[in-house]
1. List, in order, the whole-Hz ³J(HN,Hα) value for each residue of segment 60-72 obtained from phi through the Karplus relation with A = 6.51, B = -1.76, C = 1.60 and θ = phi - 60°; use x for Gly and Pro.
2. At 222 nm, what helix-only mean residue ellipticity would the chain give, in deg cm²/dmol to the nearest 500, using -39500 (n - 2.57) for each DSSP H run of four or more?
3. Quick one: which of LYS26/LYS60; LYS141/LYS187; LYS60/LYS171; LYS132/LYS180 span more than 19 angstrom between C-alpha atoms?
4. For the chain, calculate the relative contact order in percent as a whole number, restricting contacts to Cα pairs under 8 Å that are 6 or more residues apart.
5. Just want the answer: with Cβ charges of +1 for Lys and Arg and -1 for Asp and Glu, which residue in SER169, GLY32, PHE184 is farthest toward the dipole's positive end in the chain?
6. With θ set to phi - 60° and the Karplus curve 6.51 cos²θ - 1.76 cosθ + 1.60, what are the ³J(HN,Hα) couplings of segment 27-39 in order, to the nearest whole Hz, using x for Gly and Pro?
7. Using +1 on the beta carbon of Lys and Arg, -1 on that of Asp and Glu, and nothing else charged, what's the dipole of the chain about the Cα centre, debye to 20?
8. For LYS60, LYS29, what ranking results if the residue with the fewest other Cβ atoms within 10 Å of its Cβ goes first?
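Computed from the coordinates by the stated procedures, all read-outs in this text should not be read as laboratory data. Since the structure is predicted, the reported quantities are computational estimates derived from the model, not experimental observations. Note: ideal-geometry Cβ built from the backbone for every residue, glycine included; neighbour counts use all protein chains shown.
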Amino acid sequence: MITKEEIEKTRSPRGLHQFVWRRINKIRKDRGERHKAMQRRGIYKVFTDEIIPLSIFVLKVYPNTYRVKPVLGNQGYDAIIMDEKEQIVDFVEITCPQDGQRKADDANKTVSRGYGNIHVYSPCENIDRLSKFIYFTCQKKAQKDYSNCTLVLVIDFDPPFPEHRRLCSKKLERLAEQIKSIRFKAKRVFLLILPYKEVLNRNSVRFT
């Protein structure tokens with residue numbers, strides 16, 4: 001249902017976003033493909049961890065006159081950004097810190113028995129649990145050279161109830177302060193808050 005060749009086509013930011021969400025809607029309707037996606041099997045791992053957040057990021061950061069070319073592999077970036085004259089203006093590296101073992105266990109159990117593990121925690125405690133993975137990943141990324149690249153840190157967690165959003169925002173602000181203390185070798189560093197579809201410069205710590 002998804003191929004490397006399709007993913008790597010050059011599109012506008014809006015075109016990439018539309019491609020991704022059309023594929024997501026098709027996958028949801030096919031039980032076998034949906035299970036593969038949940039378990040991040042094959043190409044679904046890169047599609048979920050890199051291409052979905054990339055499609056949100058480019059739509060919010062670059063003009064729709066620009067062109068986006070996702071690149072699969074280990075070349076140090078996940079997408080090339082070109083302007084109207086097809087001149088390269090940016091490279092984008094997506095990193096998605098997560099508790100991979102917990103997610104894999106949840107996905108496997110959901111596929112096998114119809115539901116995953118039951119997680120009970122106080123409001124916004126899931127952000128606290130995720131923070132250690134984010135901070136560890138950031139420290140590893142800080143050791144690499146992304147001086148010609150925009151680094152996007154994806155922060156993905158279950159969205160809070162409306163009455164808990166302010167508390168979660170405070171926790172995200174504290175996390176952003178921690179990230180600010182890390183010296184990255186990158187042209188720019190952004191935080192992509194997936195539940196809110198919000199993009200913040202690393203130097204910004206104000207969440208609404």
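1. Per residue, the Karplus-derived 3J(HN,Hα) values read 8, 10, 10, x, 6, 6, 6, 10, 10, 10, x, 10, 8 Hz.
2. For the chain, the value works out to -12500 deg cm²/dmol.
3. Flagged as over cut-off: LYS26/LYS60; LYS60/LYS171.
4. It comes to 17 percent, rounded to a whole number.
5. Value computed over the given set: GLY32.
6. 4, 4, 8, 10, 4, x, 5, 4, 5, 4, 5, 4, 8
7. 240
8. Fewest to most other Cβ atoms nearby, the residues stand as LYS29, LYS60.
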